[in-house]
Structure formats: structure tokens, C-alpha cells
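Take a look at the structure below.
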Amino acid sequence: MIYQQSFKSTIMEVREDSMTSLVAHKEPTFRTAHFLKPIANSIHDELNLNNFNNLNPSSSSCPVFEPKEGSLKINFNGWCYPNPKWVMWVDQLKLKYESVWKKAGIFEAIMSTKSHIMKNQDLVYGVVEKWCSETNTFVFPFGEATITLEDVMVLGGYSLFGSPISKPLKDQEMKEVEKKLKLARSQLYKTKSGAPRTSLWMNNFIDCNDSEIEHEAFLATWLSIFVFPHKKMFVKSCLFPIAIHLARGNTIALGPSVLASLYKDLSLFKKQIVDLKKCTDKFPFVLDVNVQSPFYLVQVWVWERFKNLQPQPKLINNGDPLLLRWDMVKALKIKNVRLALDSATDYFIWRPYVRYNGMFYPNDEILLALKKDLDKKILSFVICLRVSELVGFECIEQYLPHRVAMQFGIDQDVPVCVPRLNNTKTIAWKNYCRPLSDTSLYFPSRFSKADVTTRYAKLWKRSASSTKCSPPNAEIPPDFPPPKLVGTVTFGKPCDYGSKTRKGDNIVDDDVPPAFFPTFWNTMPFENSVVEDCNHVLEDVQFNDGDENIETWFSNDKICVDIVADVPSRLMLSDNSLEDGLNAERNIDADTPSSLPPSDCQSEIRTENYSYLSEESIAEFEQRISRLERMRKELKKARLLH
């Protein structure tokens, strides 16, 4: 089934359904739930979901990326740090044009440029690896999430409504201003640099009280450096019409365009990582990647939502831009970013902004009648909830909030495929700003916690055990974490999947979705002798947590339970089976893969799933270890007798 999106489609569906929790394992409850459309409304829809928009395994997850020194050079052209000259210019013009900026919906966005977001490339690499370009979402083990229009508005301060960025200049006076700006830009080609660099442009207009176009020149600088930057830091003449409109208080919808550029760069960045991983071992080279969007928003998005990766933010005054919370804040020193992202099931904040007043977050859930003249906060929230097309300068990206409904406090059901309406920018823009068809809309309480339908949970479980590296189709967000299955144990030498594997490297199995199985560390005390014997049993075992290298570790009095939770079935011997014990010992001590049982992968790999341990399974495990100890003693006796 492909959802036939129309310009008159409603945003939400309300019905009674069996609901369950993503985190707490409790009995399903039958209640009234609210869902973002489009969703699968029948069993027939669910059965046919696999026919549409299947994810590319290399797109939603990729092998562990360890770039060689100098192999990948990322140019974050939109990640600009404010210099004193720019901050001074902002403060000067704020006194005169603050009311105009607020009317145009850019005040917070301009003031946010005074913040210095310190870059953490490891964090950026780690989260980009989780990006799926088919759905414009991050695929984490605990579910799908994405940067939404809400994030762009609250964090970046960009307006979600207004005229498109391509709005022409019709007024003659505005056209004259554009001519003056173009003339000033052309003069920069006569300088020593021979280019319209933003630094030279600023020097020409700062403290130039006689200039009639200083305000427009300032806004053109802001747009060229912080919003739609040029890779060579040039002032872009295509931004002059936008600057002229904003200087007159006309609202331009910058939010969807900024988000479109972020989506485009995330997909580009991810593609380069995947391609480089495939080629760098065979053909060493240096790859330059130019990221044009304000990519610092990606890092701040991670900080706002991942408690385990969040440094201590600054205290800000009420009314200050939210981005100032992260001004000059140093990132935490995380040894293993991928593991931290994968293990954030209990640390991910689905709705971080309910503490602020950036949008409409009522204390109690309400059903609000939608009228023509809506409050801006309410209208912004409505725009965030519906599927649409995002029109950027050089791209049109699809916006799919129905895949991440829990980010808005709304229940999650199985989403379906949405066809593109991106034949032209005009069609895409009409889709984005289409009139509301809902007569009323449900607004969840800021304190509410969304659930998922039981069929969604079942489909998630199925996707977690599928043979793909990502959900079986793009319509099933992996938001239901498998409660027990958390990794893969691999015996013998890994098959060659096109990349070299060093000792301790992650082993990627084709039949296991690596992005779905995070490893959570759990320890329990054992006797030293048991630890030593386990070390002997597992000395040839390598562990795969999906995206990170985890080395087997033992201490004097502890052993990692979740790693050795399930001793391979070929080692589970009966107490009176001496022959089986001898065979087991030969398999354990063997140095070549020939001693391993045959498998589907060149007879070299055997995988066993390991899981969290209940009290019963811990007791069973201890019994198995005891039996193994006894069997080893019997083996030694048998050898002495022979």
C-alpha cells in the first residue's frame, strides 16, 4: 500500500487500540489513542508493507567507521564561530532593528549566532553513521528519531511559516536596493583578494552610517555565513532578495529550507562514510566532503536528547535563545561514541523542549478547534506534525514526522509509504503550506508519555530478527527494543565481507542487523576458578555488539554476564558423556576453523545469540559452568588413564 497523500488529508487519526510501552514491559491496555497519519489501517496494508521503500542496508547502518589519519577531510562550512567584529555588529544593529527582526521571525536566529558551539567530530561521525537517507531519520537500536521542524525552530530560531525563500522582489524600491547590493558586491572583485568574501563585505558596511543599505547588507552577511553558507565564505547574491524582505519585516520560511539542507548534508556525509569504508582498504586516498548546512544543530540535537552524552549546559536568562545553553561548552570525553548511542535506550529524551516555551505545550491534554487565525506557537506545532516536502535552495527533501510521532508526545502506529510531491519546487512548496483540513486537533500534555500499538511492537520484534541490517521496510520504525536479544557471539574466523578485520575488530554478520543489537554491561561476582575456566572456554570467542568493538574482559572477581550469558550449545555437555566432552575440548583448543561445525558462510562461522539473564538463567548458567568444571576434571583423568 502506498498512501495517496492529498492536499486535503488530515493530520491525525483517533481510535481505540491495544497499546503497550516501548520501555516498561507491561501488559497491553485497550484505550483511546492518537496517531499521526498516514498509518497502515488494515492487515492487508501490513502484509504489503515490504513491497515499498525497502531500506538499503548500507544506508541505514554501515560497518564501523575508523577513518585513517588524513583519509577523510570534512569541511563544515556552515559551522562558523562568531568573531568579535560580527558580535559587535549584531549588538549595534539590535538596538535599532530588534522589533523588525522579531516581526520577521529571525530575532532568536540572529542572536544565536553569538554562541560558539565547540565541535566534537567523534560525536558527529557517530551519529551520522546512524542516518538513513531513505527515511531521513536516524536508526538507533531503541528506535527511529530525527531532526524535526520543531528542532530547527526551537534550537535554531528559524520560522516555519511565511513566504518561500524564492519569493521575488516586486516593489521597485526593493529592486533598487538589490542593485545597490550587487554593485557593492562587484566592487569586491577589484580588491587584492579578487573575491566577494564576507570579511571584506563586513569591513565595507560596519560603522558605515552613511550607507542606506547597511541593514540589508547585515542580513545578507548573516544568511551567507550562518544560514546558507558558501563553501568559500562568499557573500551570495542569490540571498539578497531574502535579506531585503527580512529587512522590511516580511516573514520568510527559513526553517524548512534549513532542515532540507541538513537532511541533504546528512545523506551526503553518510554516503561518503560508506563509500570510503568500502574503498579505503584497497585504494588509499584523501576524500574532501563539504558540509554546507549549519551542522552544529546536529551536535546540539544530540546533546539535547541523549542524557548519557550531554555535557553540563550553561544557565541562561528567560527569553534568551536556547542555543546559548551550549555556548563554549566542552563535549564529554566519550571513549566509544557508537556504544553510547546504541545503549541510550533509557537515556534518550523524546521531548526535551517541553521545559521551554518554544512551542505550544499545554499542561493538560486538550482538543483544540482549529480556526483561521491561529496563534503562531499552535500553528508551528501543527506544521511540525504533518508529512510534507521541504524546499531548499538546491534540494527538496521529504519530511516524515509520522515515523517519529513519539517525539511529539503522540502514540506511534505502523507508518506507511508516502509518495513524493517534488516534481517542481512550486508543487513541493504548495504541499508544505497546504491549508489545514482538520477541524480540531489533539495536543498532548507536556507530561504525557506516548505508547506504541501492539501490532507495531510485533512488527518491531520481527524487524529486529530480520535478515537485513535495518528494519524490513521503511514503514516500520524500530522503536520497540528487543528486551533480551542484545548481541551476537561469533566463533572461528570471520568471513571476508570486503573489509579487513583485525584482532578485536567488530565482526559484521550478514544475517544480523548490526544497528539493532546494543550491548549493555552487567556484572555479577563469580568464583575465581569459574572465571578462569570461562576465560579458557571463551578465549577464541569474538563479540559483536553491532557497531562497536567490545573486548572480552575478566577481573579477579567479576565476569561480564551479558557476554557469557549463553555458553554455546555445543559446549553444553551431559555429565556422563565423556566422548562429547573430548569433542568439546578439541573444538575449544583448536587453532583452525576446520574444527568448527559447518555453517552457511564458507563453513567458518557459527553464531549464537546471547541475552540478558534472569535469575533462573543465571542459576542455569552457574550449573552449566559447574558441569563444565566436572567434565574438565574427567577429561584430565581420562587422558592420564590412556
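The values are calculated or read from the model by the stated rules, or taken from the named source; none is laboratory data. Just so it is clear, the structure is predicted and the values come from calculations on it, not from any experiment. Ideal geometry is used to build each Cβ from the backbone, glycine not excepted, and the neighbour counts take in all protein chains shown. All accessible areas refer to the heavy atoms of the entire protein, side chains included, with ligands and DNA or RNA removed. Shrake-Rupley method; radii C 1.70, N 1.55, O 1.52, S 1.80 Å.
Within the accessible area of the stretch 337-473, what % is carbon and sulfur when the probe is 1.4 Å and the other protein chains stay in place?
In the stretch 337-473, the share of accessible area belonging to carbon and sulfur is 53 percent.
Can you give me the % of accessible surface on the stretch 81-221 that is carbon or sulfur? Probe 1.4 Å, all protein chains present, nothing else counted.
Ligands and nucleic acids excluded, carbon and sulfur give 51 percent.
Between D346 and V87, what is the label-to-label distance in nm when each label sits 7 Å out along the Cα-to-Cβ direction?
Output for this residue pair reads 4.1 nm.
At 1.4 Å probe radius, can you tell me the per residue accessible area of the stretch 213-298 in Å²?
I get 28 Å² per residue for the stretch 213-298.
What are the semi-axes of the equivalent ellipsoid of the stretch 285-434, taken as the square roots of 5 times the eigenvalues of the Cα gyration tensor, listed largest first and rounded to whole Å?
Computed over the stretch 285-434, the values are 29, 24, 17 Å.
Just the ratio, please: alpha-carbon radius of gyration of the stretch 219-317 over 2.2 N^0.38 Å, N its number of residues.
Relative to the 2.2 N^0.38 Å estimate, the stretch 219-317 comes out at 1.40.
Can you give the log10 of the normalised intensity I(q)/I(0) at q = 0.19, 0.22 Å⁻¹, computed with Debye over equal Cα scatterers of the stretch 105-216?
Computed log10 I(q)/I(0) values: -1.16, -1.26.
Any idea how far apart N422 and R624 come out in nm if each label point goes 7 Å out from Cα toward Cβ?
Placing both labels 7 Å beyond Cα along the Cβ direction yields 4.8 nm.
Ranked from the most accessible area to the least, with a 1.4 Å probe and all protein chains present, what is the order of Y347, Y432?
Listed by decreasing accessible area, they come as Y347, Y432.
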